[in-house]
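S.K.: Please read through the structure below; I'll follow up with questions.
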Amino acid sequence: MSGTYVVRTFGCQMNEHDSERIAGLLEADGLEAGDDVETADVIVLNTCCIRENADNRLYGTLGHLKSLKDRRPGVEIVVAGCLAQKDQDAIAERAPHVDVVMGTHNVHRAVDLLHERRASGRPVVEILSETVAEDHELFPSALPVVRQVGYAGWVTIQMGCDNSCAFCIVPAVRGPEISRPFGDIVAEVQRAAADGVTEVTLLGQNVNSYGRDLTLRVRGDGGGVTESAFLVGPAAAEERVKVRPLFAELLRAVGSVPGIRRVRYTSPHPKDLRPETIAAMADEASVCEHLHLPLQSGSDSILSAMHRGYTATRYLERLAAARAGIDDLAVTTDIIVGFPGETDADAEATLEVAAEARFDGAFTFVYSPRPGTEAAELVERYVPRDVAAARMERLRAVVERSSRLGNLARVGRSEEVLVEGPSRKDPSRLTGRTRQNRLVHFEPAGAVRPGSYVAVEVTDATTTHLRGHMTELLVAPTHRVRIPVAAE
Ligand code: 5AD
Ligand code: SF4
């Protein structure tokens, strides 16, 4: 193929990561990255369906692309990702100008499907119902990549989710949990480090249950695969028959890859937060002092209706254990307001737990019914919009108070900052993140490239960010400015 492509990503980091792989495949097939939808030859929309506004945004964008396609019939439109998985044929029906609809399990097929579309002259819809567990080539991370930035990378360690949170559509669109083999992940991180990547984020819907299916498989029929394919180090001999996650071992292995300075991961489940993981975070210097631990609600009855598998007390205990075990830990969370049946007392309980947890940041969402999920059936218990909006406002005030205090506590300290680039508001300043994932805007000292690690003296803080000035360059970046596509 020749021409240019644009990939627009909606939703979470898992989608961002899939988009990088789709871009890698398109470039391997001869397309070049463009930055303008108006002139691109191939437009990929990588979609999200976790909340209803994501649906609305996609159909709005498709409406806009319809007029583009009327003007330039040669442009090819691909809809990929979670919404494609959920709506399947509905997209082709509602938007017949779409050329390819592909689901979450066929990222690797992006180019083939475009070729099929051209050969057949008809729109192509391909939605696989699930990933073939043994075919690890299909893991998005095993595909060619065009990283958005050269110094940081995402690594998918697990796909899908075996939980059944009553509000969540992820298990329906991403399928059951499948862990990627341990050795493949470590090898990918080694390759990324050789390319100059210094920060990796391990991605999964339920990252800290990573490996549960692998140990199960080894214990079950062996599957013709030796345990050494999945386990490394001293764990290999004794863990063979145990059924438990391998996330802590993975953190240690990835964290000790030479060149990797920072390891992050998202998102863990509170019920699976094990002492081994806390110990690995404490011991492994490269694992960042940041835990994103989704609370969802502070009310036990709502947590139970959500099928979250913990109580508020249990959550707070786990959090206390993490804070006790890991020095200088920052904690962020996700909270849903207005889950069906949520009473004033339930909402109050969430405020109390949030205050007690002293979150450094929170993504707060108004409950959004997702067709096919258990909670969406509870129509008669839906919380009126205005009630949910008022609860949200109070929750935000609580979270903002602790975020501001958390940021203010950094004033006067020197922080290691990974530089992202010029600040959008004030290009004379640079922006970056601390190990705790706090956003920092600072005055540089001399020319500093994105991907550098610098020391910043923090002089001021707001609810959302820190401000300061750079005192020293700690590590210069080694990545190439644009990583060429490399088929692995
Ligand atoms: N409504 C509102 N928020 C939701 N989330 C997931 N599903 C829904 C929904 N139906 C939130 C959860 C999750 C985050 C990624 O999105 O808080 O942790
Ligand atoms: Fe959804 Fe719950 Fe799985 Fe997270 S753990 S992806 S919220 S079902």
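S.K.: Measure off 7 Å from each Cα along the Cα-to-Cβ vector at R314 and D70, then give the distance between these two points in nanometres to one decimal.
M.R.: It works out to 5.6 nm between the two label points.
S.K.: Another question about this same structure. Counting only heavy atoms of protein chains, what accessible area per residue, in Å², does the chain have with a probe of 1.4 Å?
M.R.: Averaged over the residues of the chain, the accessible area is 42 Å².
S.K.: Can you give the relative contact order of the stretch 2-93 as a percent, counting alpha carbon pairs under 8 Å and 6+ residues apart?
M.R.: 33 percent
S.K.: Further, regarding this structure: Would you calculate the separation in nanometres between label points at E352 and A119, each defined as 7 Å from the Cα along the Cα-to-beta-carbon direction?
M.R.: 6.4 nm
S.K.: Can you give me the three principal axis dimensions of the stretch 402-480 from its C-alpha atoms, in Å, biggest first?
M.R.: Answer, in whole Å and largest first: 39, 23, 19 Å.
S.K.: Normalising by the residue count of the chain, find the relative contact order in percent from Cα pairs under 8 Å and 6+ residues apart.
M.R.: 11 percent
S.K.: Go through the stretch 88-94 residue by residue and turn each phi into a ³J(HN,Hα) via Karplus (6.51, -1.76, 1.60, θ = phi - 60°); whole Hz please, and just put x for glycine and proline.
M.R.: Computed from phi, the couplings for the stretch 88-94 are 6, 5, 4, 5, 4, 6, 6 Hz.
S.K.: Measuring from the lowest to the highest alpha carbon on each principal axis, how far does the stretch 355-442 reach, largest first, in angstroms?
M.R.: That works out to 52, 28, 21 Å along the principal axes.
S.K.: Compute the separation of the alpha-carbon centres of the stretch 282-336 and the stretch 390-439 and state it in Å as a whole number.
M.R.: With the stretch 282-336 and the stretch 390-439 each reduced to a Cα centre, they are spaced 20 Å.
S.K.: Taking the Cα-to-Cβ direction at D283 and at R424 and moving 7 Å from each Cα, how far apart do the two end points lie in nm?
M.R.: Between D283 and R424, the simple spin-label model gives 4.1 nm.
S.K.: Another question, then. When the C-alpha atoms of the chain are aligned to their principal axes, what extent does each axis show, in angstrom, from largest down?
M.R.: Each principal axis gives a Cα extent; for the chain these are 61, 59, 56 Å.
S.K.: Charges only on Cβ, +1 for Lys and Arg, -1 for Asp and Glu: so what's the dipole of the stretch 26-102 about the Cα centre, in debye to the nearest 20?
M.R.: 380 debye
S.K.: Under a Cβ-only charge scheme (Lys and Arg +1, Asp and Glu -1), can you give me the dipole magnitude of the chain about the Cα centre, in debye to the nearest 20?
M.R.: Its charge dipole is roughly 720 debye.
S.K.: Another question, then. Hey, what D do you get for the stretch 269-321 in µm²/s if you plug the Kirkwood alpha-carbon radius into Stokes-Einstein at 20 °C and 1.002 mPa s?
M.R.: D = 179 µm²/s.
S.K.: Which helices, counted as full DSSP H runs in the chain, have an axial Cα extent of no less than 27 Å and a Kyte-Doolittle average of -1.0 or above?
M.R.: 385-408
S.K.: Heavy atoms only, probe 1.4 Å: what % of the accessible area of the chain goes to carbon and sulfur, would you let me know?
M.R.: Reported share for carbon and sulfur atoms: 51 percent.
S.K.: Can you give the convex hull volume per residue for the Cα atoms of the stretch 247-340, as a whole number of Å³?
M.R.: Cα convex hull per residue, to the nearest whole number: 85 Å³.
S.K.: Right, here's the next one. List the residues, sorted by chain then number, that are 5 or more residues from V366 or on another chain and whose placed amide H is less than 5 Å from its amide H.
M.R.: Long-range HN contacts for V366: V337.
S.K.: Do you know the relative contact order of the stretch 308-423, to the nearest whole percent, from alpha carbon pairs under 8 angstrom that are 6+ apart?
M.R.: That works out to 30 percent.
S.K.: Under 18 Å from a point 7 Å along the Cα-to-Cβ line of T464: which residues of the stretch 430-447 have their amide N that close?
M.R.: Only 430-434, 437-443 pass the distance filter.
S.K.: Still on this structure, please answer the following. From a point 7 Å beyond the Cα of D327 in the direction of its Cβ, which residues of the stretch 273-287 have a backbone N at a distance under 18 Å?
M.R.: Label zone hits: 278-287.
The values are calculated or read from the model by the stated rules, or taken from the named source; none is laboratory data. Since this is a predicted model, take the numbers as computed values, not measurements. Glycine gets a Cβ as well: all are built from the backbone with ideal geometry, and neighbour counts include every protein chain shown. Only protein heavy atoms, including side chains, enter the accessible area calculation; ligands, DNA and RNA are left aside. Shrake-Rupley method; radii C 1.70, N 1.55, O 1.52, S 1.80 Å.
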